[in-house]
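Inspection log for the structure reproduced underneath, given as structure tokens.
Only the coordinates and a few stated rules stand behind these numbers; no lab work does. All of these numbers come straight from a predicted model, not from anything done at the bench. Using ideal geometry, Cβ is built from the backbone for each residue, glycine included, and neighbour counts are taken over all protein chains shown.
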């Protein structure tokens, strides 16, 4: 630990000792639970990866703690040996779960690692992430899956649940060894590409049904693609870009829903972006199919007319029209859309420096999701805060069987603090976000994952 950071730790500890001597913290703090808070992966992570050498107690005066669907006002104490840090008036939530994250390791560690990606998750309030299988090697059998699981066991500071691939190498030509992987994966997906063959997807759904696992589909019909880079809408026409049609998504959603009706498989649609997909999923639920879906923060808060000629606005599926955004919000409100996932997809700076046409698809989102959603949806009266927490935590945990018991998994935000999103402050190795420079409200102050402090802000001034 650097000398400057040691000074920060000593200053915080002295301030808390002074408060105790003055009687402000002594006797007034009710313990949250008798749990042992230990440093994650051997250390406590601070802003900019600063570290404090010993575990610390966390004290929150006048916390609003989310319990059983409502907020309870009380003081909060999370005890540990060593020093202590104190906060005031934080909102304390159950730790979030993101079912759609790309951690890039093994195979692409120049973009992200499991260590950096899970630190970013904790920085954003996430205690669990589901890691997509577009890796090298692709986890399509036990041997390749173990390459990923061994790094997770060594480096992750939050819970990581890997996906298994649907097909060998995600090539869509032969089924993966789904049965061997089933006990060790959260679900099966070929995310990054759609399964083009009806027969292959039918066989995958039948096997997933037999194994009691979900099929999570990236819905994209390659026959309807024409080399587009953004939504086939007004911005594309004004700026001369090739567009990605909405039909390339919803046509495959319709195909898969017919196969779900045939096979009875549990099915989840990844990153829904079009109004037609929302309508199809809404009807499927009314018909009693075992179907859920997700969308992302950028699809809920931006439209294609917000685009700029910059790779940080390029992802797949693309940001679509205002009508699509409004349909997604309606889907959140009526329960058609079950959860919000970030589709955190980091790339190198060079890979995102080629503009809309040349940059790779994908943006980061773990460290901005809550603040963006709170600012755009909760503060504007679109969603209640309690609903947002269910979309980020309750619903994904129930659907994917993610076990995040309280109080070992929680996060705390200062909902009075506004800040400007600066990618240079991210713990993720990825920096490309469409929200760079935007002023948002709600800053994560600490995250406890698995009974360990996975993120703790170096600033207690709130």
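Each Cα pair under 8 Å and six or more residues apart adds its separation to the average, and for the chain the resulting relative contact order is 18 percent.
Taking the C-alpha atoms only, the angle from helix 275-286 to the longest principal axis of the chain is near 90 degrees. With an a/c value under 1.5 for the gyration tensor axes a ≥ b ≥ c computed over the alpha-carbon atoms, the range 95-404 is described as rounded.
In Å, what Kirkwood hydrodynamic radius results for the range 202-274 from the alpha-carbon pair distances? Could the numbers behind the result be given before it?
Values: mean 1/r = 0.0740 Å⁻¹.
Hydrodynamic radius (Kirkwood, Cα only) of the range 202-274 equals 13.5 Å.
How much length, in nm to one decimal, is gained on full extension between residue 110 and residue 71, taken as 0.36 nm per residue of separation minus their Cα-Cα distance?
Values: separation 39, 0.36 × 39 = 14.04 nm, distance 4.13 nm.
Extra length available between residue 110 and residue 71 comes to 9.9 nm.
Our helix-only sum for the chain, with -39,500 (n - 2.57) per DSSP H run of n ≥ 4 divided by its residues, gives a mean residue ellipticity at 222 nm of -8500 deg cm²/dmol.
Which angle from 0 to 90°, rounded to the nearest 10, does the C-alpha axis of helix 198-211 make with the longest principal axis of the chain? Approximately 40 degrees, to the nearest 10. Ordered by the number of other Cβ atoms lying within 10 Å of each residue's own Cβ, fewest first, 250, 455 fall into the sequence 250, 455. The distance between label points at residue 334 and residue 180 comes to 4.5 nm (points 7 Å beyond Cα on the Cα→Cβ vector).
If the segment from residue 225 to residue 308 were pulled out straight at 0.36 nm per residue, it would be longer than the present Cα-Cα gap by 27.7 nm. Residues 218, 241, arranged from fewest to most other Cβ atoms within 10 angstrom of their Cβ, appear as 241, 218.
Between the range 340-401 and the range 253-287, how far is it from one alpha carbon centroid to the other, in angstrom? Spelled out, the Cα-based centre of one part sits 22 Å from the other. As a rough footprinting exposure proxy, the listed residues 350, 367, 112 were ranked by other beta carbons within 10 Å of their own, and the order from fewest upward is 350, 112, 367.
Quote to one decimal, in nm, the extra length available between residue 416 and residue 279 on full extension: 0.36 nm per residue of separation minus the C-alpha distance between them. Before the final figure, lay out the partial values.
Values: separation 137, 0.36 × 137 = 49.32 nm, distance 3.66 nm.
Difference between extended and current length: 45.7 nm.
What's the angle, to the nearest 10 degrees (0 to 90), between helix 322-334's Cα axis and the longest principal axis of the chain? Helix 322-334 sits roughly 70 degrees off the main axis of the chain.
Once you order the gyration tensor axes a ≥ b ≥ c over the Cα atoms, which shape class does the range 323-462 get: rounded for a/c under 1.5, otherwise prolate or oblate by comparing a/b with b/c?
Values: a/c = 1.43, a/b = 1.13, b/c = 1.27.
Note, shape of the range 323-462 comes out rounded.
Name the shape class, rounded, prolate or oblate, that the alpha-carbon gyration tensor gives for the range 146-187, where a ≥ b ≥ c are the square roots of its eigenvalues, rounded holds for a/c under 1.5, and otherwise prolate holds if a/b is larger than b/c and oblate otherwise.
On the way: a/c = 2.67, a/b = 2.19, b/c = 1.22.
Taking the square roots of the gyration eigenvalues as a ≥ b ≥ c, the range 146-187 is prolate.
Model label sites at residue 136 and residue 386, defined 7 Å from Cα along the beta-carbon direction, differ in position by 4.9 nm.
Calculate how large, on average over all directions, the projected area of the Cα convex hull of the range 80-129 is; give the answer in nm² to one decimal. If you can, show how the numbers build up before the last one.
Working: hull surface 21.1 nm².
With every direction weighted equally, the projected area is 5.3 nm².
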